[in-house]
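Trainee: Input: one structure, supplied below.
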Amino acid sequence: MRSFLGRDILSLKDFERNEFFRVFQVADDLKPHARDRRNTDLLKHKTLVTAFYQPSTRTRLATEAAMLRLGGSVLGFSDAKMTRAGDFYQESIKDTVHMLEYYGDVIAMRHFQQGAPHEAARWSSVPVINCGDGWGEHPTQVLIDLYTIHQEMGRLDGLKVLCVGDMRMRTMHSILYAMSQFDMEAFVVSPPEMSLLPEFKAELDALSVRYREVAAAEEVIGEADVIYMEPVVQPDYTKSRDERAGDVGLTPAAYKITRQLLRERGKSSAIVLHSLPRMDELTTDVDPTRHARYWTEAFNGVVVRMALLALVLGAVE
Ligand code: CP
């Protein structure tokens, strides 16, 4: 297995099967610190820099919480408008990163431009973690999601996953890449204008990912072990910020998961994951059911990021 020490976490396309399990193992080992709200000093001499050029609640705060749980320090920005990258100068990624690399030992970056964290990694002497890049990928989120599925179902191989939502979405790209390493099958449900792009499908074919495009969730929900969701009513992820202007519309029934649909058509054992935030595609009446796992996913958001920080900073092998 390749070492994680000093490694950039940019994509799941190049993640190997045993590397997923190594992250899960370290997450299991570190979980008691998060569960018991008991910080450790594993990274007490290290500093995380968060560089967020797009809004975030979960990813930035969970990454910061993970660093603090491990005894490290945190600094950064959550709005590029407060930096020279977001004002008159429009400072480049290269110049910005050549500053940030001296302020900390690892950089967690979210950006509206696909490939921006890759560009940062090109210039940075410290590891860069992609926390979402435009419509590109969201590798840490999907490591959390697969960890949650593995924890809840006891396995990844042999599972059928119903992916519902906007297939241009970065989580969908990362999870479909990741499935190449497991004996998993995906049902893909999205509005036609948000479907998988031909070039992405060609990549999935080259990676031998098994997926089938289906018109509506209700057609295949009875076969799904895992329901993996994203909104179809959502902002433009290529913008630094996309304000809501007026009525944004409602999610068509084909792309919605409700308690009634789960009760009438779903597997009794099916679990629902959603990285959040949600609109109306996942109705709140699912929250109290045994199917909901998105709050577990949220907790695991800290745990898995603790594992990643510990691995790339060399606190564990
Ligand atoms: N799931 C996720 O990426 O949430 P945030 O946009 O709040 O970070």
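Laboratory data are not the source of any read-out in this text; all were calculated from the coordinates shown. These figures come from a predicted structure and were not determined experimentally. Neighbour counts are summed over all protein chains in view; Cβ atoms, including those assigned to glycine, are modelled from backbone coordinates with ideal geometry.
Trainee: Which three extents, in angstrom, do the Cα atoms of region 33-180 have along their principal axes, listed largest first?
Mentor: If we take the Cα atoms of region 33-180, the spans are 50, 38, 25 Å.
Trainee: At q = 0.15, 0.16, 0.17, 0.20 Å⁻¹, what log₁₀ I(q)/I(0) does a Debye calculation on the Cα points of region 141-191 give, no solvent, two decimals?
Mentor: Log10 I(q)/I(0), no solvent term: -0.37, -0.43, -0.48, -0.67.
Trainee: May I pose another question? Read phi for every residue in region 48-65 and hand back ³J(HN,Hα) as whole Hz from Karplus 6.51 cos²θ - 1.76 cosθ + 1.60, θ = phi - 60°, with x for Gly and Pro.
Mentor: 9, 10, 9, 10, 10, 9, 9, x, 7, 9, 6, 5, 5, 5, 5, 5, 5, 4
Trainee: Going by Cα centres, region 162-229 and region 1-77 are how many Å apart?
Mentor: Cα centroid of region 162-229 versus Cα centroid of region 1-77: 27 Å apart.
Trainee: Give me the number: length gained by fully extending residue 317 to residue 87, i.e. 0.36 nm times residue separation minus the C-alpha to C-alpha distance, one decimal in nm. Write down the numbers at each step before the final one.
Mentor: On the way: separation 230, 0.36 × 230 = 82.80 nm, distance 4.08 nm.
Going from the current span to full extension adds 78.7 nm.
Trainee: List the residues, sorted by chain then number, that are 5 or more residues from residue 228 or on another chain and whose placed amide H is less than 5 Å from its amide H.
Mentor: 162, 163, 164, 273
Trainee: Right, next: Of the cross-linked pairs 81/239; 94/239; 13/256; 13/160, which ones have a Cα-Cα span greater than 23 Å in the structure shown?
Mentor: Checking Cα-Cα distances, 13/256 exceed 23 Å.
Trainee: Still on this structure: Report ³J(HN,Hα) in whole Hz for each residue of region 4-18, in order, from the Karplus equation J = 6.51 cos²θ - 1.76 cosθ + 1.60 where θ = phi - 60°; Gly and Pro get x.
Mentor: With the stated coefficients, region 4-18 comes to 8, 4, x, 7, 7, 10, 10, 8, 9, 5, 9, 7, 8, 3, 5 Hz.
Trainee: Give me the distance in nm between label points sitting 7 Å out from Cα along the Cα-to-Cβ direction at residue 18 and residue 40, one decimal.
Mentor: So the label points at residue 18 and residue 40 sit 2.3 nm apart.
Trainee: Another question about this same structure. In whole angstrom, how long is each semi-axis of the equivalent ellipsoid of the chain, when you take the square root of 5 times every eigenvalue of its Cα gyration tensor and sort them from largest down? Kindly include the intermediate steps, with their values, before the conclusion.
Mentor: Numbers: eigenvalues 191, 104, 68 Å².
Calculated on Cα positions only, the semi-axes equal 31, 23, 18 Å.
Trainee: What FRET efficiency, computed as 1/(1 + (r/R0)^6) with R0 = 30 Å and r the Cβ-Cβ distance, is obtained for residue 152 and residue 94, rounded to the nearest 0.05? Don't skip to the answer; put the middle values down first.
Mentor: On the way: r = 42 Å, r/R0 = 1.39.
E(calc), rounded to 0.05, equals 0.10.
Trainee: Same structure again: Taking H placed 1.01 Å from N in the peptide plane, check which residues at least 5 places from residue 211 or on another chain put their amide H under 5 Å from its amide H.
Mentor: Those qualifying (amide H under 5 Å, at least 5 residues apart or on another chain) are 186.
Trainee: Oh, and also: Putting +1 on Lys and Arg Cβ atoms and -1 on Asp and Glu Cβ atoms, find which of 284, 129, 26 reaches farthest to the positive end of the dipole of the chain.
Mentor: The one lying farthest along the dipole's positive direction is 26.
Trainee: Find the relative contact order for the chain and round it to a whole percent, using C-alpha pairs within less than 8 Å whose residues are 6+ positions apart.
Mentor: Values: 615 pairs, mean separation 67.8, N = 317.
Relative contact order here is 21 percent.
Trainee: Can I ask one more? Long-range amide H contacts for residue 15: which residues qualify at under 5 Å (H placed 1.01 Å from N, peptide plane, sequence gap of 5 or more or a different chain)?
Mentor: Those lying under 5 Å, H to H, from residue 15: there are none.
Trainee: Per q in 0.09 1/Å, what log10 I(q)/I(0) does a Debye calculation on the alpha-carbon atoms of region 140-265 return?
Mentor: Cα-only, vacuum Debye calculation for region 140-265: -0.26.
Trainee: Using every alpha carbon pair in region 205-308, what percent of pairs falls into each 5 Å bin from 0 up to the bin containing the largest distance?
Mentor: 2, 10, 18, 19, 18, 17, 11, 4, 0
Trainee: Per 10 Å bin, what is the whole-percent P(r) computed from every C-alpha pair distance within region 171-220?
Mentor: 25, 58, 17
Trainee: I would also like to ask the following. If you plug each phi of region 107-119 into the Karplus form 6.51 cos²θ - 1.76 cosθ + 1.60 with θ = phi - 60°, what whole-Hz ³J(HN,Hα) values come out, in order, with x for Gly and Pro?
Mentor: Here the 3J(HN,Hα) series is 10, 9, 10, 10, 8, 7, 9, 4, x, 4, x, 5, 5 Hz.
Trainee: Nearest 0.05, what FRET efficiency do residue 125 and residue 223 give at R0 = 45 Å with Cβ-Cβ as r? Provide the component values of the computation, followed by the final result.
Mentor: Values: r = 48 Å, r/R0 = 1.06.
According to the calculation, E is roughly 0.40.
Trainee: How far apart, in nanometres, would the label points at residue 296 and residue 206 be if each is projected 7 angstrom from Cα along the Cα-to-Cβ direction?
Mentor: Each label point lies 7 Å from its Cα, and together they span 3.5 nm.
Trainee: Expressed in nm to one decimal, what extension gain is obtained for the pair residue 197 and residue 57 from 0.36 nm per residue of sequence separation less their Cα-Cα distance?
Mentor: 47.6 nm is the gain from fully extending residue 197 to residue 57.
Trainee: Report the full-extension gain for the segment residue 284 to residue 3: residue separation times 0.36 nm, less the Cα-Cα distance, to one decimal in nm. Don't jump to the answer; show the numbers that get you there.
Mentor: On the way: separation 281, 0.36 × 281 = 101.16 nm, distance 4.17 nm.
Contour length minus the Cα-Cα distance gives 97.0 nm.
Trainee: About the Cα centre of the chain, how large is the charge dipole given +1 on each Lys and Arg Cβ and -1 on each Asp and Glu Cβ? Please answer in debye to the nearest 20.
Mentor: It works out to roughly 780 debye.
Trainee: Which distance in nm do the two modelled labels at residue 240 and residue 79 give, with both placed 7 Å along the Cα-to-Cβ direction?
Mentor: 1.2 nm
Trainee: Would you work out which of 312, 165, 175 lies farthest towards the positive end of the dipole of the chain? Charges go on Cβ: Lys and Arg +1, Asp and Glu -1.
Mentor: My answer, from the dipole projection, is 312.
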